[in-house]
Structure formats: C-alpha cells, structure tokens
2 protein chains.
Amino acid sequence: MLVVQKYGGTSVRDIERIRNVAKKAIAYKERGMDVIVVVSAMSGETDKLLNLAHDIAKFPDERELDVLISTGEQVTSALLAITLKEMGHDAISLLANQVRIISDAAFGSARIAEIEEEKIFSELKTGKIIVVPGFQGVDESGNITTLGRGGSDTTAVALAAALKADFCEIYTDVDGVYTTDPNICEKARKLDRISYDEMLEMASLGAKVLQIRSVELAQKYNVSLLVKSSLVEGKGTLVCKEDMVMMEKVVISGVTYNKNEAKITVSRVPDKPGIASKIFSALADANIIVDMIVQNVSRENYNDITFTVVKADARKALKITQEIADGIGAVEVALDEDIAKVSIVGLGMRSHSGIASKMFTILANEGINIKLISTSEIKISCVIESKYGELAVRALHKHFGLDAEEIKEET
Amino acid sequence: MLVVQKYGGTSVRDIERIRNVAKKAIAYKERGMDVIVVVSAMSGETDKLLNLAHDIAKFPDERELDVLISTGEQVTSALLAITLKEMGHDAISLLANQVRIISDAAFGSARIAEIEEEKIFSELKTGKIIVVPGFQGVDESGNITTLGRGGSDTTAVALAAALKADFCEIYTDVDGVYTTDPNICEKARKLDRISYDEMLEMASLGAKVLQIRSVELAQKYNVSLLVKSSLVEGKGTLVCKEDMVMMEKVVISGVTYNKNEAKITVSRVPDKPGIASKIFSALADANIIVDMIVQNVSRENYNDITFTVVKADARKALKITQEIADGIGAVEVALDEDIAKVSIVGLGMRSHSGIASKMFTILANEGINIKLISTSEIKISCVIESKYGELAVRALHKHFGLDAEEIKEET
C-alpha cells in the first residue's frame, strides 16, 4: 500500500511542526505502508525570497526566480529527512531533478509532463520514507522550474497518479472543506465528501483549500484526495468521484460568497454579431479576467450585456468598455462596485428540480433583490447588494439544510 | 580571455553588495573577457541552516545536511543572475548538477573529481556571464555534496584549472595577504606576491584568507590566485609560483602567531622503538590533532617528547598521554597552557643561511625565552611564554625588515 502525504507551509513552519509531520509519516510506515511525503516551504520563506528578488528587479528573470524560490522546499525536505533519520527511520530527500519530475519550461507556472518512477520505487523498496519538495520540477534541459502558487498540491497529486498510490492526503491548516465560510456562518459544517466538480466550483468561488490545478489533475487520474489538518485529529474531507459522493444524498454541498467583484453593465448594445467579442477581447488584451457574463434577450434589436471583474480591475475595465461602447453606439456603461456574489454548489441540482427557484425565494423572503443571475450545471450564482451578502449566505445555508445541528448523523 | 571571480559571504551579504559584485563582473565583460562568477552564501546563511539542522539532531544525516546547506549558495547565485540581467547583461546560474561539478560522495567534505566543460563553454559562447554556486558538487549518483568550509575557494580554483582560465580572483573582506596580523602589529604590510608554499604555511598557521585545499589545488594546476577586497580598490596579493615571487627578493614573507595551543611534555621516556607511535596513535584515535612534535636527542637512553594540541583538547590529551606514560614508565607528563607560537615563513630561508639564529637572537634581545623550536623548509616556529606573543611578533616583523615604512617602494 502506497500513500502520498502533502504538508503545507504552516504544517512545517518550525522544527516542532516538522517533528509532528515526521511522526505522522512514521505512523503510516509502521502500519506497513510505503510513504512519500511532499512538503512546501516553511511558511513565509517563499515570500521572503520573492521580496529579495523584487528588491532587485520589478520583473526578475523568470528562470532565475525559479532557481531562487525552489530552495524553500529544498530546505524543508532536507530538514524533514534529517528529522526522520533522527527518529530512527530511514529516509531520503529526492529533489525534482533526482526523482525526476519533468515539466515544461514555463518558468513560474510550469506543468508536469512526466514523473519517472524508477528512482522512487527503488528507494521505497529499501524501506525508506521518501521526501519530495513540492512546487518544483525540472525541464528537459535540466533547468529548475516551479509550478505556481499552491504547486505543492499538484506535485502530490501528480506523484500519487504516476505511482498509482492508494491514497493521497493533503494536510493543511484547516480540518477539511466546509459548507460555507465559518467566519460568516457559525453553523458552517465540515463536509465528509465532495466531488471534484463541486470542489472546483467551490475553489474558484473562494474556498481556498486546494490549488485548482491539483483538483483537475486528481479528477483526470481519479486520485482521491483526503484534505485534513496536520494539527488536530479528524477525518477531514474526501475529494473524490461523483458516485462516491452521491451516496450522501444532499442536494447542495456548499454556499460560497465573494465581495471582491464589481459589475459593469453596457446598455442598449446593437444586436449585431461580434460586439461581445470586441468587448471581451479588449479586456483580455488588458489582462483583465472576467468572471460572470450575462446577456439578456434582445429587445427591439438591442441587448444589455453585464459582466463582473475583480474590484482592482474595475476602473480600468470601465475605461476600456466605455471606449468600445462609444465606437459601437451603446447608450450607457455603468459600474456598480457595491455588490456581493453568493453561490450555491451541488451535484444534486442535476437531479432535483426547483433548486434555482428555491434559492430566489429564500433571498426574496429576506427582502434581498437579485441583480444578476448566472448558472452552470452544478452552481447557481446571484449578484446582490453588498450589504446583504452575509445575510444571504446564512439564509441559504439554513434553508438548504446545511446548518450543523440539522444534520444529526454528522456529529 | 577567461576570468573566474569568487566572492565570499561578506561580499554578497545584501542586495547592495550583490549589485557591487555584478558591476565588477560586468566591468570585465565590457573589456571583452569571458566571466565566470563563483559565489558563497550570504554571510550568516550557512550557519543559520546548520543551526536548524542541529536543533533537530546532534549529528544530522550528512547527505541531507548537504541538501540543506547547499541552498545558501543557490540563493546567492540566483540573486546575482537576476541582478546581472536587470543591469542589462545576459547571465545564467548553473548549479553543480547543471555544470556538472562531479565530486566523490564524501558528504560535508567532498573532493572535486571532474568538471564538465561543455555546458559552461556553450553558455559562454552566447555571451552570458556564468554564475556558479561555490561549495557544492554532485556525486556520480546525482546526490548533492558540499566541499567543506571555505569550499567556494576550491570551486573557483577547480573551475579555473578545468577551463584553463587566464586568471582567478578571490574577492574577500580583506584587501590581500599581510606580513602579519595588523591587529597585533600596526606596521603589518600587504604582500604583492606570495608563493603557494608560503601561503600554505601562513594559512595553516592562522592567516585565514584562503581555504588550504584551494591553495593546494591552485599549486597543483598552476592557477595564479589574486586575493583582493570586493569593497575597496587595490591590487591585492598574487598567490603564485615560486619563481614569480622570488623576484621580490625578500627573505621572509610573514610572521604568524597562534595563542590557541597548549604544550604537553613527556619526560624521561625510555629510548625504545614504538613509544612515540603508541602516544600519537592513541591521540589520533581520540580525534585529537597534534601540531608540533619535538623529540630531543637521547640522553642516557631516555628521551623527552614534547607536542602541542589546541587548547580545547589539552585536558583530554593530557589524560590519554598520562595513561600511556604510566604504562611505559615515563617519569613525568606536564601540561603547559600558557604558551604562544610565533613563526616566520619565507622562501628565502632556503637560500639564506642564518635565518634561524637571527630569529633566536631577536627573541633573546627582547628577553624572550624559547621553550620549543620546530622547523620546516620554509618555516621556523618557536613556542614562547604566552605573554610575550605580541611583542615577539612585532620584534620579528621589524628586524626581518617587514615593517611598512622600511619598504619605501611598497607605498
């Protein structure tokens, strides 16, 4: 039996925590399993290195930046291997070029292309616990690469997939995935299971537990991920295939919330092909990421187009949109920064009718006006007035039956 | 024309100093030379990493310790390459496994076996400044190794030798090699040139400017080393072949001084074969390094054996020696911790007679009694009472004509 464990920065932030990690790895080993441990840099280290580079250059050379910041994970790997050996268990650290974890050459956001198995398997065979620095790869020419923020999750999942591990554990500073943000709704409940698709919707909507790419990769190779805390005992949340989740028979899995977006509406746009394309191409050229896009039905050959962007980009997006609107004769461009987006996510939507109307009713009963609606297969998002954001989350959480005390079998 | 430059920890201790290093490298490049820069870890970083490891284990695993501490030089290499590129000069960092610098597998004190040339030469050909982390190698199996304290000097010399560099500069925080310690003798004078042999005698006697192994390597491959300060302008000291030094026609090159030793005397040792061997084998088994060993002529079939060890080992050495003395019937074992060793070093001794007697006369004229004498081809060492140490250094420095104002052409 082979397990891959990944520990984030706060789980290895000092020697005491590294000892704690070593104990967990040894516990599995003593139960007869082969263990591979993937570690992040000690918390704060990557930022410290990045700050050094940015003190030198506004845009530091990307190849050299990867040489620099990959040292953070290398340090943790060596310290963990030293700790494991000190505790009497044979161990070895294997860096990306020693494993080897081969990636493309996109420095700073490289993608893993292939993981060689021989070296790891031969070291496992001698009984060693293998420690691998997360976040780093090596390209075909032998250059060090890094996989982007949160890349250690991806390293762990890629290793689990390539080596056909029996399970993959992601240890972090939270004890699992919650139905909503416990800071907003005190009745938020930890989920036992969540599907990959739901997790992807939750993650991109703001529940930052796992790197999105690692979830996509886990889904692609069907690697079950157990997200749990390295500090408190608990069974965590299993991120897994849909059919393993459906057994729980809940309609929606979570309520998410985002106050960091602004809404731009372009009114009375002539209903001609290519106009939406013109607006969103210009925004893309300016590196502005657009989240929701809603275009309502044509009236008298005119459309209204509404979209949301992160607040930091709002003024720039408004200016670009205004310029294009002037060129195509749209009547008005309006910016609304006073918004919150609340979303419900759940596989149950596919088989249960009336979820959307139930959501709208719950919001209406609280006196909350809906400004914008957008739906996908397993998600419904509503943009509402900012001040009602938290109220909306709590109301949806309660009326969709997610509140902690209503699910007795959970405790 | 190819130059290898090496910068020590204080020369790269912050971003400002790294910029200074970049400027020096670029200055050579702009004069049409190919430049390879070898860097140490930022000062204090290696100790910080070592402390982390020693907080975990008294004897950390040696392989993993090398994985850990090699990150210090990797960080500096990346930062320097980023700085060079920011200043508009193409540059690339090449780690030991990218160059490759192949060593044996003696973690913590590895020796370089071979340096591959292809990668460096192909990168030099494209006009890049090459940055190489000092101190690190990679063994045949791809494990990271380190070369021991001061190993960055060795990296620089080995690169200069392997790539047949035209010269090799060692930048440090002193502006060259001095005739003696300027803290003891204010008339200490910077040497323009010193031979490898003299440098080896000076280094092992306490003038810690260059790692001994790097000087041995430089001698073996006839690499001229220019030792200079990275902070102040100056021509530094050239460490080179004997025949290039002799032109200066000075009899002795320096006076060194060591207060960190203790002297143990074993009196009335029976003059039988194997007794000295018994004592020094026992000390070696206890990992005690013996410096001077003096045995005087046999009198009535008895000898006196005197030797020196570092003070930290003195009590342990005394105990071991006493046990052996008891076994062989030596009359007395005495420890003297109140000593200083002063030495004069110089190629001139070979061709000039009377240097030793001149030394003894100078000391006698100051009323200093000599407790022990030991000589090699280019060095004479005297052990004297501790309190006379500094006085002896100044007297020897003056009377052998080393004082700064006496050598007018030096200024």
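None of the figures in this text is laboratory data; all of them are computed from the coordinates on show. No experiment lies behind these values; they were computed from the predicted model shown. Here Cβ is always computed from backbone atoms with ideal geometry, including for glycine, and neighbour counts include all displayed protein chains.
Once each part is reduced to its C-alpha centroid, what is the distance from the range B:256-329 to the range A:146-203 in angstrom?
The range B:256-329 and the range A:146-203 have Cα centres separated by 67 Å.
Taking the Cα atoms of the range A:324-409, report the difference between the largest and smallest coordinate on each principal axis, in whole Å and largest first.
Cα spread of the range A:324-409 along its principal axes, largest to smallest: 60, 29, 17 Å.
Counting only other chains, what is the mean number of Cβ atoms within 10 angstrom of the Cβ of each residue in peptide A:143-154?
Neighbouring Cβ atoms belonging to other protein chains average 1 per residue here.
Working out 0.36 nm times the residue gap between B:Lys48 and B:Ala27, then minus their Cα-Cα distance, what length gain in nm do you get to one decimal?
Between B:Lys48 and B:Ala27, full extension yields an extra 4.3 nm.
May I have the count of lysine pairs in the range B:71-225 with C-alpha atoms under 22 Å apart, counting pairs 8 or more residues apart or located on different chains?
Step by step, the pairs that qualify in the range B:71-225 add up to 11.
Considering the rotational relationship between chains B and A, which residue of chain B contributes the beta-carbon of minimal distance to the axis, and what is that distance to the nearest Å?
Residue plus distance in Å, as requested: B:Thr71, 2.
Treating only the Cβ of Lys, Arg, Asp and Glu as charged (+1, +1, -1, -1), what charge dipole size does the protein assembly as shown show about its Cα centre? Round to the nearest 20 debye. Working shown, then result.
Values: 98 positive and 120 negative charges, 79 e Å.
Around 380 debye, computed over the protein assembly as shown.
Using Cα centres only, tell me the gap between the range A:353-381 and the range A:1-70 in whole Å.
If we compute the Cα centre of each part, the gap is 41 Å.
For A:Asn183 and A:Arg268, compute 0.36 nm times the residue count separating them, minus their Cα-Cα distance, and round to one decimal in nm.
26.6 nm
Suppose each label sits 7 Å from its Cα in the direction of the beta carbon; what would the A:Ser281-A:Ala364 distance come out to in nanometres?
Calculated label separation equals 4.1 nm.
Longer than 29 Å from Cα to Cα, which of B:Lys228/B:Lys259; B:Lys235/B:Lys358; A:Lys58/B:Lys6 are they? Say none if no pair is. Walk me through the numbers on the way to the answer.
Values: B:Lys228/B:Lys259 27 Å; B:Lys235/B:Lys358 32 Å; A:Lys58/B:Lys6 27 Å.
Among B:Lys228/B:Lys259; B:Lys235/B:Lys358; A:Lys58/B:Lys6, the Cα-Cα distance tops 29 Å for B:Lys235/B:Lys358.
Quick one: net charge of B:Ala165's neighbours, Cβ under 12 Å, K/R +1, D/E -1? Kindly include the intermediate steps, with their values, before the conclusion.
On the way: positive: B:Lys6, B:Lys164; negative: B:Asp34, B:Glu117, B:Asp166, B:Glu169.
Once positives and negatives cancel, what remains is -2.
First select every other residue whose beta carbon is under 12 angstrom from the beta carbon of B:Glu16; then total the charges, Lys and Arg +1, Asp and Glu -1.
Overall, the nearby charge balance is +2.
Kindly rank A:29-40, B:356-367 from highest to lowest mean number of other beta carbons found within 10 Å of each residue. Kindly include the intermediate steps, with their values, before the conclusion.
Values: A:29-40: 21.6, B:356-367: 14.8.
Going from most to least packed, we get A:29-40, B:356-367.
Using the beta-carbon distance between B:Phe59 and B:Ala312 and R0 = 22 Å, what value does 1/(1 + (r/R0)^6) give for FRET efficiency, to the nearest 0.05? Walk me through the numbers on the way to the answer.
Numbers: r = 19 Å, r/R0 = 0.85.
E(calc), rounded to 0.05, equals 0.75.
Throw me the Rg/Rh for the range B:261-411, computed over C-alpha atoms with Kirkwood Rh, two decimals.
The Rg/Rh ratio comes out at 1.05.
How far, in nm to one decimal, is A:Asp14 from itself in the other copies if the label point is set 7 angstrom along Cα toward Cβ? Shortest first, please.
Relative to the other copies, A:Asp14 has label-point distances of 2.7 nm.
Can you tell me which of B:265-277, B:311-323 comes out highest on packing, and rank the rest after it, using the mean Cβ neighbours within 10 Å?
Working: B:265-277: 14.8, B:311-323: 16.4.
In decreasing order of mean packing, B:265-277, B:311-323 become B:311-323, B:265-277.
Would you kindly calculate the mean projected area, averaged across all directions, of the convex hull enclosing the Cα atoms of the range A:1-156, in square nanometres?
8.5 nm²
I'd like the mean, over residues of B:384-394, of how many other protein chain beta carbons sit within 10 Å of each residue's own Cβ.
0
Treating only the Cβ of Lys, Arg, Asp and Glu as charged (+1, +1, -1, -1), what charge dipole size does chain A show about its Cα centre? Round to the nearest 20 debye. Walk me through the intermediate numbers first.
Numbers: 49 positive and 60 negative charges, 98 e Å.
Around 480 debye, computed over chain A.
Relative to the longest principal axis of chain B, what angle (0 to 90°, nearest 10) does the C-alpha long axis of helix B:355-365 take?
The helix B:355-365 is inclined about 70 degrees to chain B.
Using Cα pairs closer than 8 Å and at least 6 residues apart in sequence, work out the relative contact order for chain A, in percent.
RCO, chain A: 13 percent.
Whole-Å semi-axes of the protein assembly as shown's equivalent ellipsoid, largest first, each the root of 5 times a Cα gyration tensor eigenvalue?
69, 33, 21
Spelling out what I want: for every residue of the range B:75-88, take phi, set θ = phi - 60°, compute 6.51 cos²θ - 1.76 cosθ + 1.60 (Karplus), and round to whole Hz; glycine and proline get x.
Karplus values, whole Hz, x for Gly and Pro: 4, 4, 4, 5, 4, 5, 5, 4, 5, 4, 5, 4, 7, x.
Report the one residue of B:Leu84, B:Val215, A:Leu391 whose Cα lies farthest in the direction of the positive end of the charge dipole of the protein assembly as shown (charges on C-beta: Lys and Arg +1, Asp and Glu -1; origin at the Cα centre).
A:Leu391
Quick query: amide H of B:Arg100 versus all other amide H atoms, modeled in the peptide plane; which residues come in under 5 Å with a sequence gap of 5 or more or a different chain?
When sequence neighbours closer than 5 places are left aside, the close amide H contacts are B:Glu116.
Taking the Cα centre of the protein assembly as shown as the origin and placing charges on Cβ (Lys, Arg +1; Asp, Glu -1), which of B:Ala364, A:Ile289, A:Thr180 is farthest toward the positive end of the dipole?
B:Ala364
Taking every residue in A:49-62, how many Cβ atoms of other protein chains lie within 10 Å of its Cβ, on average? Don't skip to the answer; put the middle values down first.
Values: counts 3, 0, 0, 8, 7, 1, 6, 12, 6, 1, 3, 7, 11, 1.
Other-chain Cβ atoms within 10 Å of each residue's Cβ, averaged: 5.
Quick one: which residues, 5 or more positions from B:Val131 or on another chain, have an amide H under 5 Å from its amide H? H modelled 1.01 Å from N in the peptide plane, none for Pro or chain starts.
Here the answer is B:Val37, B:Ile92, B:Ser93, B:Leu94, since their amide H atoms fall under 5 Å of that of B:Val131.
At B:Lys58, label 7 Å along Cα→Cβ: distances to the other copies, nm, ascending?
When each copy's label point is compared with this one, the spacings are 5.6 nm.
Quick one: putting +1 on the C-beta of Lys and Arg, -1 on the C-beta of Asp and Glu, what dipole do you get for the range B:2-173 around its Cα centre, in Debye to the nearest 20? It would help to have the intermediate numbers written out before the result.
Details: 19 positive and 26 negative charges, 114 e Å.
Result for the range B:2-173 is approximately 540 debye, rounded to the nearest 20.
For chain A, what does the helix formula give at 222 nm: sum of -39500 (n - 2.57) over DSSP H segments with n ≥ 4, over the residue count, nearest 500 deg cm²/dmol?
-11000 deg cm²/dmol
Debye calculation, C-alpha points only, no solvent: report log10 I(q)/I(0) for the range A:1-58 at q = 0.16, 0.23, 0.30 Å⁻¹, in the same order as the q values.
Taken in order of the listed q values, log10 I(q)/I(0) reads -0.58, -0.86, -1.12.
Can you list residues from other chains, or at least 5 along the same chain, whose modelled amide H is less than 5 Å from the amide H of A:Met292?
Those qualifying (amide H under 5 Å, at least 5 residues apart or on another chain) are A:Thr308.
Using a 7 Å offset from Cα along the direction of the beta-carbon, what are the separations from A:Glu116 to the same position in each other copy, nm, ascending?
So the distances to the same position in the other copies read 1.2 nm.
Simple spin-label model, 7 Å along Cα-to-Cβ: A:Ile293 to A:His399 in nm?
3.1 nm
If the elastic network links every pair of Cα atoms under 10 Å, which of A:Gly327, A:Gly236, A:Gly401 fluctuates the most in the Gaussian network model of chain A?
Evaluated over chain A, the most mobile residue of the options is A:Gly327.
What does the charge add up to near A:Arg268, with Lys and Arg as +1, Asp and Glu as -1, over the other residues with Cβ less than 11 Å from its Cβ?
For residues surrounding A:Arg268, the net value is -3.
Quantify how much of the Cα-Cα distance distribution of chain A extends past 34 Å, in percent.
The share of Cα pairs beyond 34 Å in chain A comes to 40 percent.
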